[in-house]
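A.B. asks: Sending over a structure as structure tokens; questions will come in a sec.
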Amino acid sequence: MSKQRDAAEQVAEAAMTAFEPLVRLFLDLGLSSPEAESLMQAVYVHETRRILRERYPETKDVSHMKVAMLSGVNRNKVRKILSGDAPKVSLPREKWANHAGRILQAWQSDAEYLEKKSKNPKPVVLTFRDNSSLRPTFWTLCKKHWASAWPRTILEELVRIKAVRLTASDKNPDDDQIEFLRDPYGRANARVAALEQLGARTRDLLSTLIHNLDSAPDERRVVETIENRDVDPEFAKVLRRMFKDRAEAHTESMNSELNSVSAKSEKHDRGRQLRMGMTIYAFEQGSPALEEAGRPEKHGAKKEAKKGVE
């Protein structure tokens with residue numbers, strides 16, 4: 001039992017480390033925690049069915065009950081998820097959308113908060129609050145489109161991400177002027193290709209690392225890492241150029257071999273095709289001490305400075 005608990009803790013710690021950059025990305029895109037959880041559940045269900053099909057190739061189809069038993073997801077939810085074409089965010093965006101993102105969307109679409117008599121109306125400049133009149137304010141915008149939201153908290157978030165310009169009033173905070181600047185949560189559409197690459201490369205890397213966990217030494221895939229935890233920020237510029245130049249030269253030379261005539265499978269052997277490749281990437285991170293300070297301390301562990309290369 002102790003060994004099982006230790007293994008579970010190690011898996012949990014590894015998952016936390018892997019999820020950290022995804023949380024940053026999700027927050028940047030305005031994806032809330034419940035949406036991310038629903039997406040994870042959908043992926044879990046689809047992947048469980050795929051694994052069961054691999055285990056029992058003689059079975060025509062895998063029952064929803066088997067998927068539910070193995071994945072731990074309610075059978076009705078399994079049926080609902082598998083009725084779709086692919087994993088997706090299942091919770092309604094209107095219900096769970098990032099509060100700040102929802103307010104920005106409303107500000108750009110609600111005619112009451114747009115310039116009048118304009119071919120391309122822009123969001124009007126709002127005061128924070130005005131109890132003495134019925135004119136639109138930032139307060140009424142928030143209460144109309146997210147009744148439970150606290151307007152001042154939403155405003156602080158929008159100022160933080162530079163989505164609005166705040167001109168504070170010297171006399172009364174309710175008279176603060178708020179000007180719409182941009183919608184940073186809408187950047188996903190402009191980065192579709194990059195996001196697709198992110199998903200594909202992350203899948204490949206994790207698949208390789210997981211494959212190597214239990215594989216014999218001669219069956220492990222290449223994973224070589226070098227690291228320096230004390231790089232001078234100025235010299236980092238030199239290293240970035242060096243990484244780029246040498247990576248391009250190496251991948252170009254390997255590409256000729258990888259896509260050579262000898263490497264291609266014969267037409268009669270298409271059933272045994274393999275997808276193979278290699279990705280070279282450089283990584284950077286702020287001060288290790290600062291990064292570690294923001295992470296939860298391991299249960300029962302003493303705070304110690306890290307030494308050497310992991």
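The values are calculated or read from the model by the stated rules, or taken from the named source; none is laboratory data. What you see is a predicted model, and the numbers here were worked out from it, not measured in a lab. With ideal geometry, Cβ positions are generated from the backbone for all residues, glycine too; neighbour counts draw on all protein chains shown.
A.B. asks: I'd like the residue in region 163-191 that is among the acidic types (Asp, Glu) and part of a loop (DSSP other than H, G, I, E, B) and, out of all such residues, is modelled with the lowest pLDDT.
C.D. replies: Only one residue fits best here, namely 183.
A.B. asks: Looking at region 75-109 only, could you name the residues that are farther than 21 Å from residue 199 by Cβ, modelled with pLDDT under 55 and either assigned to a helix (DSSP H, G or I) or under 17 Å from the mean Cα position of the chain (by Cα) (or both)?
C.D. replies: Listed by number, the residues that qualify are 94, 95, 96, 97.
A.B. asks: Determine which single condition residue 129 fails, assuming it passes every other condition in (1) outside any loop (DSSP other than H, G, I, E, B); (2) at pLDDT 90 or above.
C.D. replies: Checking residue 129 against (1) outside any loop (DSSP other than H, G, I, E, B); (2) at pLDDT 90 or above, the one that fails is (1).
A.B. asks: Moving on. Taking the condition modelled with pLDDT under 90 and in a helix (DSSP H, G or I), does residue 297 pass?
C.D. replies: So residue 297 does not fit the description; no.
A.B. asks: Ok, one more. Could you count how many residues in region 132-154 are among the aromatic types (Phe, Trp, Tyr) and part of a helix (DSSP H, G or I)?
C.D. replies: 2
A.B. asks: If a residue must be among the acidic types (Asp, Glu) and either outside any helix (DSSP H, G or I) or surrounded by 14 or more Cβ atoms within 10 Å (Cβ to Cβ) (or both), how many such residues does region 38-73 contain?
C.D. replies: Adding up the residues that qualify gives 2.
A.B. asks: Between a first residue in region 243-264 that is in a loop (DSSP other than H, G, I, E, B) and a second residue that is not aromatic (Phe, Trp, Tyr), which pairs have beta carbons less than 9 Å apart while being 6 or more apart in sequence or on different chains?
C.D. replies: 263/257; 263/276
A.B. asks: Residue under question is residue 195, and the condition is that it be under 23 Å from residue 18 (Cβ atoms), surrounded by 10 or more Cβ atoms within 10 Å (Cβ to Cβ) and in contact (Cβ under 8 Å) with a residue 24 or more places away in the chain; does it hold?
C.D. replies: no
Residues checked against (1) touching a Ser or Thr at 6+ places or on another chain (Cβ under 8 Å); (2) farther than 30 Å from residue 100 by Cα; (3) of a type in the set (S, T, N, Q):
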| position | (1), (2), (3) |
| --- | --- |
| 30 | no, no, no |
| 34 | no, no, no |
| 54 | no, yes, no |
| 58 | no, yes, no |
| 63 | no, yes, yes |
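A.B. asks: Also: Residue 34 - would you say it is more than 21 Å from residue 200 (Cβ to Cβ), assigned to a helix (DSSP H, G or I) and of a type outside the set (S, T, N, Q)?
C.D. replies: It is true that residue 34 is more than 21 Å from residue 200 (Cβ to Cβ), assigned to a helix (DSSP H, G or I) and of a type outside the set (S, T, N, Q).
A.B. asks: To continue, here is another question. Please go through region 229-243 and pick out each residue that is closer than 14 Å to residue 285 by Cα and exposed (fewer than 10 other Cβ atoms within 10 Å of the Cβ).
C.D. replies: 230, 233
A.B. asks: If we scan region 228-236, do we find a residue that is polar (S, T, N, Q), over 18 Å from residue 205 (Cα atoms) and at pLDDT below 90?
C.D. replies: no
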